[in-house]
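The values are calculated or read from the model by the stated rules, or taken from the named source; none is laboratory data. Being a predicted model, the structure only gives us computed values, none of them experimental. Because the Cβ atoms are built from the backbone with ideal geometry, glycine has one as well, and the counts that use them run over all protein chains shown. What goes into the accessible areas is simple: the full protein's heavy atoms, side chains included, and nothing from ligands, DNA or RNA. Shrake-Rupley method; radii C 1.70, N 1.55, O 1.52, S 1.80 Å.
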Amino acid sequence: MTVQELPGAAAHRPTPPPAWKPITDPAPLLPDPEPYRVLGTDVVADVDPELLLRLHAELVRGRRYNAQATALTKQGRLAVYPSSTGQEACEVAAALVLEDRDWLFPSYRDTLAAVARGLDPVEALTLLRGDRHTGYDPREHRIAPLCTPLATQLPHAVGLAHAARLKGDDVVALAMVGDGGTSEGDFHEALNFAAVWKAPVVFLVQNNGFAISVPLAKQTAAPSLAHKAVGYGMPGRLVDGNDAAAVHQVLGEAVARARRGEGPTLVEALTYRMEAHTNADDATRYRADSEVEAWRAHDPVQLLERELTDRGLLDDAGIEQAREAAERMAAALRDRMNADPVLEPMDLFTHVYAEQTSQLREQSAALRAELDAEHDHHEHSAEAGR
């Protein structure tokens, strides 16, 4: 006979406290079974034509930016470049839905989002060139440093958003991450804190199918990455990541929800990385050319361009105008990146700590002495040659 079977035991069985019960009805948090789309549907008639035209201009510029940055890498002007070709709709929409006071938290692949938000393209690529720690002032642009470690920018976004809410600041943070980043512990920690605190933050997962060479099916058995939101108590949204109008609408609704104090949202955008992971990657080793070609038929630039031309909102002259503007941007970027920057070696120690440690002071002094000695050597050599 067990303890539970003893006479009168049923009357003394503890009742689970309310905290054991589900806090939220999970049904409203579930994503739609199919990705949300706008282009090619009746919904597109309600979208502001000026917004569609701006999205198109930014997509064209973004595609050219990606091509130019890739070329600069091959020419040795960049150490590495993770291209977002094929993912421009996500990059551009993420930048355009934010107000000036909001913050963008990009990953290493999201330089285009930073440029679409207004950052100088050269400053966006400075880190990848190896010239400076970041290349721009995050506070000035409201863009966090480009983050190479996977998903570490997500807890940062939550912390900033939570702090802003505590201070009463009307600020929303939008954090970008790839499907590979969702396998990191930082992803879990960020979403859990954000939901518990109801932080005004939006998580955009660009699911491009691969974490370098690892396909999504080897990372998760979830129905979708958007479904993971339910476990944290926030809504999940599934959207066609190549439909710029749809991504803009879904992200805009999530940002507005966060601004109203209703908490975070996880948005999964289904897209595809058309280029290799970086210039150091050989994508042919893990995916077939036929797969890439199939996604070319769903190219974000062509999808929007077709919609605009079919509706009479864009003609050949307008398309050429957008391409010419993109080409001018690329030419200016190329010229400026081909100019060797003048760097101050002592800046290595400037932004590591607010107050330098004893080790950094020692290293700084050693470098200063080495530079001074080199300078003196050149001075003496020049005098001897006169």
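Odds and ends about this structure:
- Taking helices (runs of 4 or more DSSP H) as the structural unit, those lying wholly within region 96-166 and holding at least 3 residues that are closer than 25 Å to GLU184 by Cβ and touching a Leu at 6+ places or on another chain (Cβ under 9 Å) correspond to 111-116, 121-129.
- Of residues in region 207-259 being assigned to a strand (DSSP E or B) and among the β-branched types (Val, Ile, Thr), the one farthest from the chain's Cα centre (by Cα): VAL214
- Count of region 95-140 residues which are touching a residue at least 60 places away in the same chain (Cβ under 8 Å) and basic (Lys, Arg): 4
- So ALA297, is it out of contact with any Pro (no Cβ under 9 Å at 6 or more places or on another chain), among the hydrophobic types (A, V, I, L, M, F, W, C), open to solvent by 60 Å² or more (accessible area, probe 1.4 Å) and in contact (Cβ under 8 Å) with a residue 12 or more places away in the chain: no
- Number of positions in region 128-168 that are within 18 Å of the chain's Cα centre (by Cα), at pLDDT below 95 and at positive phi: 1
- Residues that are of a type in the set (Phe, Trp, Tyr) and either part of a helix (DSSP H, G or I) or closer than 15 Å to ARG54 by Cα (or both), drawn from region 277-314: TRP295
- Within region 118-151, tally of residues that are open to solvent by 40 Å² or more (accessible area, probe 1.4 Å) and of a type in the set (S, T, N, Q): 1
- Flag if VAL92 is in contact (Cβ under 8 Å) with a residue 60 or more places away in the chain, of a type in the set (Val, Ile, Thr), part of a helix (DSSP H, G or I) and within 19 Å of ASN207 (Cβ to Cβ): yes
- When the criteria are applied in full, PRO155 meets the requirement of being under 20 Å from GLY181 (Cα atoms), open to solvent by less than 50 Å² (accessible area, probe 1.4 Å) and touching a helix residue (DSSP H, G or I) at 6+ places or on another chain (Cβ under 6 Å).
- Residue in region 81-99 that is at pLDDT below 95, within 27 Å of ALA116 (Cβ to Cβ), open to solvent by 60 Å² or more (accessible area, probe 1.4 Å) and out of contact with any Phe, Trp or Tyr (no Cβ under 9 Å at 6 or more places or on another chain) present: no
- Matching option when the condition is among the hydrophobic types (A, V, I, L, M, F, W, C), in contact (Cβ under 8 Å) with a residue 60 or more places away in the chain and either within 30 Å of ASN66 (Cβ to Cβ) or open to solvent by 60 Å² or more (accessible area, probe 1.4 Å) (or both), among ALA339, ALA354, ALA322, ALA331: ALA322
- For first residues located in region 266-294 and closer than 30 Å to ALA256 by Cβ, partners that are open to solvent by 50 Å² or more (accessible area, probe 1.4 Å) and lie 6+ apart or on another chain with Cβ distances below 6 Å form the pairs VAL267/ARG237; TYR272/TRP295.
- Given (1) more than 13 Å from the chain's Cα centre (by Cα); (2) among the aliphatic types (A, V, I, L, M); (3) not in a loop (DSSP other than H, G, I, E, B), number of the condition VAL171 does not satisfy: (3)
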